Amino acid sequence: MIPSTSTLTAALQTLAIGVIMYFWMRRKSKEQAKPLHVDYGEAMSFPFPLKVIGALPDCIRIPLLVKGGKPTPPRDSIDVLGQNSKHDPYEKKIIVAGKIWSVRYSFLTSPEFKKAMGSLFGSNNDAAIANAPDHLKNTLEKDIVAAEKYEAMSEKEKAEQGGDSKQDMYIAKITIDGDDNALLIYNPVRLHPQMIDWINAIGTVKFIVSGSSSHTNFLPDAAKQFPNAKIICASAADAKCQGVGMRPADFLYDIVRDEVSERFSGRGTYEDATEALQGQARLFHIRGDVCTQALFVLVHNHLFEVDLLYVPSDEKMKEKDFETGTTIEHSQHRIFHFLLITKKAYPIGYLLPKYRCLMMDPTSLLASRLMIDAPKSDGSSCRQMAESLRFALRELSQAGVCNQVLSVHALEMSRECFCQRMNETWGWLDGSSLLE
């Protein structure tokens, strides 16, 4: 069907308005925003439709970003091969007998997610090889061949290999209102019936905590499976998850009582969440981290962390077989590392992906207009994040407070190693050490 003249006219008018707004917003943002104080390499280019979205007023732009970021759970071996699959996506581990457990969940990274990451942050295989040390260049070449072969497989073939990505969930048993069988779940993963039965056999889920506004794919399902549990998450995560039908979170940890706006009136705050936990767990919200609104949870002298560390601790690198591992997960990890994290990839490396710096830059279109939470234009988000981290690390370093850290992306490590790693990774925020 040929569109009518009026339809074409309206479309052209909308496009023209978008173009005008884009260039106006670009000029305005460059005049007002303060560039990031560190060099993270070449600026990114964006497709024109994203530039138009970035130019829209907040009343239109934010709902579009929320809708675009709605949780989309990836599939795993059970989804593809059925409940009788010999590939169990769950690897359970006792951290502290009767108190803390970890569950490592394996899944298939969706092609759509890989395509989006590639379009935003690049997928230059030659660059990854060039950035690798000489003794690993041949390994990287083999990794790239293996990754291309894997992508050519059917979903069933990928599932038979167990998937290509892993994510950790942590469970702690606490005492709430005299019930010493209460459970707190941090960073929930996909919950198939057998996992739900296993959790229920441990105790009663009272709290579901999302430690990152970027880790939301499995939160709505966890909320559905445990309808009586209190949900603790960031406001951005809450907005995205409500978009797919999740009930409103009980506590928004990035909102404090002194700063509650009319939009969040009546919602539980950071202080309310802390009181609800009755001293059984302590929360550390890393304010200023606009990308993930990271939240540490300290329970039984163990710290749960997600999305601030991306490279395993030194003592775990060998254990993870970073250089010698032969699985598709090892191959993809090495490609990601040498493309986006190493010193040769960008000046700040070697512990942080380039895009994490980009998302703190107020002059970046991605950070200022294409994220739900944006860095402050005066550059103060970096200082605020540094202060939050400095406070958290100082508190954790007190005698007897924290013995071990469980990091979703960086595995287990000592508190001393964690503090050092955090300083190496984020010490650039205000140019001063995070360790006192």
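The values are calculated or read from the model by the stated rules, or taken from the named source; none is laboratory data. All values reported here derive from a predicted model rather than from experimental measurement. Please note: Cβ atoms are built from the backbone with ideal geometry, for glycine as well, and neighbour counts cover all protein chains shown. SASA here: full protein model, heavy atoms, side chains in, ligands and nucleic acids out. Shrake-Rupley method; radii C 1.70, N 1.55, O 1.52, S 1.80 Å.
Compute the label zone of Glu112 within region 207-230: residues whose backbone N is under 17 Å from the point 7 Å along Cα-to-Cβ.
Counting only backbone N, you get 215-221.
Obtain the nm distance between the two label points defined at Arg394 and Ser377 by a simple spin-label model: each point lies 7 Å from its Cα along the Cα-to-C-beta direction.
3.2 nm
By the scheme Lys and Arg +1, Asp and Glu -1, what is the net charge of all other residues having a beta-carbon under 14 Å from that of Pro73?
Surrounding charge for Pro73 is +1.
Tally the DSSP beta bridges in the chain and give the antiparallel ones as a percent, rounded to 5.
In the chain, DSSP labels about 65 percent of beta bridges as antiparallel.
Only one of the listed values, (i) 154; (ii) 207; (iii) 173, was derived from the coordinates as volume of the Cα convex hull per residue in Å³; which label is it?
(iii)
Calculate, in nm to one decimal, what Ala127 and Val401 gain on full extension: separation in residues at 0.36 nm each, minus their alpha carbon distance.
This chain segment gains 94.3 nm when fully extended.
Suppose every Lys and Arg Cβ carries +1 and every Asp and Glu Cβ carries -1, with no other charges. What dipole size does the chain come out with about its Cα centre, to the nearest 20 debye?
Rounded to the nearest 20 debye, it is 900 debye.
Give me the distance in nm between label points sitting 7 Å out from Cα along the Cα-to-Cβ direction at Glu160 and Glu259, one decimal.
Distance between label points: 5.2 nm.
Each label point is 7 Å from the Cα along the Cα-to-Cβ direction; what then is the distance between the points at His87 and Ile196, in nm?
With each label placed 7 Å out from Cα toward Cβ, I get 2.4 nm.
Under the Kirkwood approximation for Rh and a Cα-based Rg, what ratio Rg/Rh is obtained for region 162-222?
The Rg/Rh ratio comes out at 0.99.
Length gain on complete extension for the stretch Glu275 to Thr204, per 0.36 nm per residue less the alpha carbon to alpha carbon distance?
23.6 nm
Using 1/(1 + (r/R0)^6) with R0 = 25 angstrom and r between the beta carbons of Leu64 and Ala152, what's the FRET efficiency to the nearest 0.05?
Computed FRET efficiency for Leu64 and Ala152 comes out at 0.15.
Work through the residues other than Tyr270 whose Cβ is under 9 Å from its Cβ and net out their charges, Lys, Arg +1 and Asp, Glu -1.
-2
From the protein chains alone at 1.4 Å, what is the descending order of accessible area for Arg263, Arg383, largest first?
Correct descending sequence by accessible area is Arg263, Arg383.
Going by a ≥ b ≥ c, the root eigenvalues of the Cα gyration tensor, does region 325-432 fall in the rounded group (a/c under 1.5), the prolate group (a/b larger than b/c) or the oblate group?
Oblate shape, in that a/c is at least 1.5 and b/c is the bigger or equal ratio.
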